[in-house]
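The values are calculated or read from the model by the stated rules, or taken from the named source; none is laboratory data. Quick caveat, the model's predicted, so the values are computed rather than measured. With ideal geometry, Cβ positions are generated from the backbone for all residues, glycine too; neighbour counts draw on all protein chains shown. Areas reflect the complete protein model, heavy atoms only, side chains present, ligands, DNA and RNA absent. Shrake-Rupley method; radii C 1.70, N 1.55, O 1.52, S 1.80 Å.
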Amino acid sequence: EAAVTQSPRNKVTVTGGNVTLSCRQTNSHNYMYWYRQDTGHGLRLIHYSYGAGNLQIGDVPDGYKATRTTQEDFFLLLELASPSQTSLYFCASRGQETLYFGSGTRLTVL
Amino acid sequence: GDQVEQSPSALSLHEGTGSALRCNFTTTMRAVQWFRKNSRGSLINLFYLASGTKENGRLKSAFDSKERYSTLHIRDAQLEDSGTYFCAAEAMTNSAGNKLTFGIGTRVLVRP
């Protein structure tokens, strides 16, 4: 069974704060994704990557950076967090077909 | 941009009954996936379809690329089927490579 692990599970920060969300997959998948999920919007793609050192811009990238340091690790960076970034964040990896998700990180920006 | 229109937004079912969820696409899609978000918040993959139909227990999904839609049927609904269901599709002419567009989700509540 594919495994995607996110950390932390919950995070609270203040406006202007610096936050890093971590994701690790042990599936040897090339593609990794960061999504945010908000009521009424479904899941929206922030950034994605097809391998170590690669980064592709998603549909809602503003205010986010990401870095894929290894095949396994993909990080989402919020350098100046804003209340509009309060959301549930999901990381996923993908092999040939199916997307495998982590358990999510709930971020609250006060 | 690519659009995925999912309906209904919410659905209430009595145990033992059935219903269908639908996603319409505004462009030709290469494949569709269906997910369920369970009570613990985990997103579980239900189906991947590049064409035709697939069935798994009480769930059945169909995908018609030409007619630009996909459906997910639930039959003999059980309490554990409650959750939010999402479809996600990949455009045929996806220049961004492997990018999935999600519907807004359908909140399904199965009542005793």
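Please work out if B:Thr71 is in contact with a Pro (Cβ under 7 Å, 6 or more places away or on another chain), within 27 Å of A:Tyr31 (Cα to Cα) and either of a type in the set (Gly, Ala, Ser) or touching a residue at least 12 places away in the same chain (Cβ under 8 Å) (or both).
Judged against the criteria, B:Thr71 is not a match.
Could you please let me know if A:Ser84 is closer than 26 Å to B:Ser9 by Cβ, away from chain B (no Cβ under 14 Å) and not in a strand (DSSP E or B)?
It is true that A:Ser84 is closer than 26 Å to B:Ser9 by Cβ, away from chain B (no Cβ under 14 Å) and not in a strand (DSSP E or B).
Can you name the residue in the stretch A:23-38 that is among the polar types (S, T, N, Q), open to solvent by 70 Å² or more (accessible area, probe 1.4 Å) and touching a Gly at 6+ places or on another chain (Cβ under 9 Å) and is also nearest to A:Glu72 (Cα to Cα) among such residues?
Here the residue is A:Ser28.
Got a number for residues in the stretch A:3-22 being more than 15 Å from the chain's Cα centre (by Cα) and open to solvent by less than 30 Å² (accessible area, probe 1.4 Å)?
Residues that pass the stated criteria total 2.
With the condition being open to solvent by less than 40 Å² (accessible area, probe 1.4 Å) and either more than 13 Å from chain A (Cβ to nearest Cβ) or closer than 30 Å to A:Leu55 by Cβ (or both), I'd like the strands (runs of 3 or more DSSP E) fully within chain B carrying at least 2 qualifying residues.
Hits in chain B: B:4-7, B:10-14, B:19-25, B:29-37, B:43-49, B:59-64, B:69-74, B:83-91, B:100-102, B:106-111.
Which residues, counting only those in the stretch B:65-89, are under 13 Å from the mean Cα position of the chain (by Cα) and under 19 Å from B:Ala31 (Cβ atoms)?
Those that are under 13 Å from the mean Cα position of the chain (by Cα) and under 19 Å from B:Ala31 (Cβ atoms): B:Tyr69, B:Ser70, B:Thr71, B:Leu72, B:His73, B:Tyr85, B:Phe86, B:Cys87, B:Ala88, B:Ala89.
What are the residues in the stretch A:91-110 that are in a strand (DSSP E or B) and of a type outside the set (Val, Ile, Thr), if any?
A:Cys91, A:Ala92, A:Ser93, A:Arg94, A:Leu99, A:Tyr100, A:Phe101, A:Arg106, A:Leu107
Among the residues of the stretch A:64-81, write down those that are assigned to a loop (DSSP other than H, G, I, E, B) and either within 12 Å of chain B (Cβ to nearest Cβ) or surrounded by 14 or more Cβ atoms within 10 Å (Cβ to Cβ) (or both).
A:Tyr64, A:Gln71, A:Glu72, A:Ala81
If you check A:Gly51 against the conditions, is it at pLDDT below 95, more than 23 Å from B:Gly103 (Cα to Cα) and not aliphatic (A, V, I, L, M)?
Yes.
Taking the stretch A:22-43 on its own, how many of its residues are within 15 Å of A:Ser93 (Cα to Cα) and assigned to a strand (DSSP E or B)?
Residues meeting the conditions: 11.
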